[in-house]
Amino acid sequence: MISRKDFLKKSAFLAAGAIAPIGIGSRLFGEIPSDLTILYTNDTHARLDPFPDNAVEFAGLGGIARRASLVKKIRSQSKNVLLLDAGDVFQGTPWFDVYGGEIDLKLMSEMGYDAMAVGNHEFDRGPDGFAEAAQKAEFPILAANYDASGTPMNSYLERLIVREFNGFRVGIFGLGIELDGVVSPELYGDVKHRDPIAWANGMKNSLIDYHKCDYIICLSHLGFRYNNGRMDDLTLAKKVAGIDLIIGAHTHTFLDYPVGVMNPEGGVTQVTQMGHGGVRLGRIDLNINSADQKVKTSDRFYVVGEKTGYL
């Protein structure tokens, strides 16, 4: 775990509440014209309140109300915004113990999330508990490589979605982690995990060839990197061409800026992740050349609740 001291030290532009590794200005808002702003979270783990002031890590940081205020402020200054989550919204505080994830999904709906992936902790109350909570989600929940047919989860899962912004089409799909060894069999029941490489290729091909998407995002709950042979985001990026951005989760990895990985066709896939507990909100801005639809990106993150940052 990263300590609060190291966490704040790594936030090089903390006075602005953001990191700006590729020439972004130091003001918090309004300095970047953007055709599309992508905001993202992961592994929020029922952290609706800020961390306690006496917490060992991240004391006083986070809180869903502060995140909502930050998102609202960004939306007031950016004409097109996507708000995404890479999973593990459930489990971690008494809010989950009492409400089973329903309140999290309800508040995320009110905040205007566009989609989330399924994390392993979304199985903590089994398929029935997930389905009960998912009724509160007014946004798609994505898991292309889970076969939930015959279970209560099936009605609440989608493989992919497409969003269009002034003719620029963004395709988004979700990938879930291998359940065996991570989730108790009695909790995932008849839900089947399928090869993420095969399904990522299938979703990418569908989004590009059939849905005519210009930009592909994978919401991944595989994890950033392992040394034990388990599939991770870096391996996915190396093996599957055509994904522009992987927004990851599960390993609680704090990345100050996206990692570029060369894919099999020689292109670059950006891989990113925002730690855990809702203490960071990631942001990627896309600027699109209308003549050839080429995309330039810039990135940063906000520290939610830091006094010298936002709120």
Note on region 122-181: residues β-branched (Val, Ile, Thr) and more than 20 Å from Asn205 (Cβ to Cβ) are Ile141, Thr151, Ile177
Can you tell me which residue in region 40-76 is nearest to Gly87 (Cα to Cα), limited to those that are of a type in the set (Gly, Ala, Ser) and outside any helix (DSSP H, G or I)?
Ala46
Looking at region 292-301, is at least one residue of a type outside the set (Val, Ile, Thr), crowded, with 21+ Cβ neighbours inside 10 Å and part of a loop (DSSP other than H, G, I, E, B)?
no
Name the pairs: first residue in region 112-126 and closer than 10 Å to Gln91 by Cα, second residue of a type in the set (S, T, N, Q), Cβ to Cβ under 6 Å, at least 6 apart or on different chains?
His121/Gln91; Asp124/Gln91
Please verify whether Asp6 is exposed (fewer than 15 other Cβ atoms within 10 Å of the Cβ), at pLDDT 95 or above, in a helix (DSSP H, G or I) and out of contact with any Asp or Glu (no Cβ under 7 Å at 6 or more places or on another chain), treating the condition exactly as stated.
no
List the helices (runs of 4 or more DSSP H) inside region 178-259, counting only whole elements, that have at least 1 residues being hydroxyl-bearing (Ser, Thr, Tyr).
185-188, 233-239
Which of (1) exposed (fewer than 14 other Cβ atoms within 10 Å of the Cβ); (2) closer than 21 Å to His121 by Cβ does Gly167 not meet, given it meets every other one?
(2)
Take the conditions aliphatic (A, V, I, L, M) and either farther than 25 Å from Asp299 by Cα or in contact (Cβ under 8 Å) with a residue 60 or more places away in the chain (or both) and apply them to Leu83. Does it pass?
no
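The values are calculated or read from the model by the stated rules, or taken from the named source; none is laboratory data. The structure displayed is predicted, hence computed values, not measured ones. Cβ: placed from backbone, ideal geometry, glycine included. Neighbour counts: every protein chain shown.
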